[in-house]
Each structure stands twice: as structure tokens, then as C-alpha cells.
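Working notes for the structure below.
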Amino acid sequence: MMKKVLLLTALVLVLPFAAFAGSSVDFTNGGGTLSGTNSGLTLTGSTLIAANGLGGGLITGSNLGTVSFSTGVLSGGTLQMGGTFAAGGAFTISGNGTGGIPNGVIFNGSFTGPVTWTLITLGNGTHNYTLTGSLTGTWYAGGTINGATVQLTINTGRGFFNGKTTVSSGDTNFTTVPEPGTLSLLGTGLIAIGGIVRRKLQMLRS
């Protein structure tokens, strides 16, 4: 009998925590000025143009909000040939309420590890740069979430990064975003466990 109680308890626990596994949300941005010195890289004026998975669907538009960030200091390499920036800084995604996007700060956090600044040399001798880094911070619906971002600059021609360029496109993805109703489902599961265990213990004592 006790084995059955333990099995039922495990099943009720698994259901709400399976729902808590959540999903992912992906944001796309374009444009904006990427400035850099040995003190760090900073993105300003980049426009949020798409959000996939926020509320379950794809939202697109020419101006849904903004994406901005700053990194820590240059810790290795160079601005021209590629290098590594320290963790820290700030990363913010804000919506303007258009098309189902929340109005206000959607994510506010920072880089959790080294930020990689990579020089890409194309076959014709021209260059692009990519910035990649992992993130952690506060989600607009509450709680802390983790993610990663990749930002691609426009082609800088045969020259190298001179302290300022434009972002061509960027993609930022967050995982383990709680599904709506997860907390209430978890609470329901815990209440059910209490009732099941109480009834089974009463049966064992009788």
C-alpha cells in the first residue's frame, strides 16, 4: 500500500514540474550604433522588430521597442582583430505595447560570462564582426531567466572596426520561461498530494 502512495505522490509531482519546464522566447533587433573602446562595447538605438514565443506566437513590426546593452572591459585581444570583453555591463529589452508586445521593460540583466568579439574576413577581403554572450536577468513577468545573444555588424569594407559601426541584425533567445498557469498547477499538485497521503495514511491506520 505504501508503494502505491509513493507512486501517486511521484506522479502528482511530475505533472506540475513538467509544465514548469516552459519554453523559449526569441527576440530580433536591427540597426543601432555599436560603439567601442577598451572600456567596453555599447549598443544604442537598436530597434526591436520581432518576438517569437512571447504569448505563444510570432509578433513582427517595424518598431516594437528597443534593445540596448553594454559589456565589461576588454580583457583580451583588440577591438580591430577581435577579442574578449569581461562579464557584467547591462542588457535591456523594452517593448512599446505594439502588436501584443508588453509596454515597458521586458528583460533587464547583464552578461554572465566573457563576451566574444569576433572578426569575420570574407572572401573578398571585407569584414564583419559578431558579438556573442550569455545573459541572466529579470523577466517582465517575474523571476530570473537565462539566455544568449548574437549581434552581427554591417560590413565594414576592407577597413577594420574604428570605434563605431552599425548593427545589421541581432538575435536574443531566452529559455525556461514559465508557462502561464504553471504556479497554479504546481499549487494544485501539492494540494492533491496532501489529500492523497492523508487518506492513505488513514486507511493504513484503520
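The values are calculated or read from the model by the stated rules, or taken from the named source; none is laboratory data. Just so we're clear, the structure is a prediction, and the values are computed from it rather than from any experiment. Virtual Cβ from ideal backbone geometry, glycine too; neighbours counted across all protein chains shown.
In table form, for the structure just shown:
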quantity: Given (1) farther than 16 Å from F174 by Cβ; (2) of a type in the set (A, V, I, L, M, F, W, C); (3) in contact (Cβ under 8 Å) with a residue 12 or more places away in the chain, number of the condition L48 does not satisfy; calculated: (1)
quantity: Test result for G104, in the same structural domain as S68 (by TED's automatic domain parsing) and loosely packed, with under 14 Cβ neighbours inside 10 Å; calculated: yes
quantity: Qualifying position, being assigned by TED's automatic domain parsing to the domain that holds T144, at pLDDT 95 or above and either farther than 14 Å from P102 by Cα or acidic (D, E) (or both), among T60, T33; calculated: T33
quantity: Single match in G76, G89 (criterion: in a strand (DSSP E or B) and over 24 Å from V25 (Cβ atoms)); calculated: G76
quantity: Qualifying residue in the range 44-55 (condition: over 18 Å from Y140 (Cβ atoms) and either within 16 Å of the chain's Cα centre (by Cα) or of a type in the set (A, V, I, L, M) (or both)); calculated: yes
quantity: Filter pass, T132 being out of contact with any strand residue (DSSP E or B) (no Cβ under 8 Å at 6 or more places or on another chain) and over 13 Å from L64 (Cβ atoms); calculated: no
quantity: Only one of T60, T118, T84 that is of a type in the set (S, T, N, Q), within 28 Å of W139 (Cα to Cα) and surrounded by 13 or more Cβ atoms within 10 Å (Cβ to Cβ); calculated: T84
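Rundown of residues vs (1) in contact (Cβ under 8 Å) with a residue 24 or more places away in the chain; (2) touching a Gly at 6+ places or on another chain (Cβ under 7 Å), yes/no style:
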| site | (1), (2) |
| --- | --- |
| F85 | yes, yes |
| G88 | no, yes |
| N96 | yes, yes |
| I106 | yes, yes |
| T132 | no, no |
| G143 | yes, no |
| T156 | yes, no |
| G159 | yes, no |
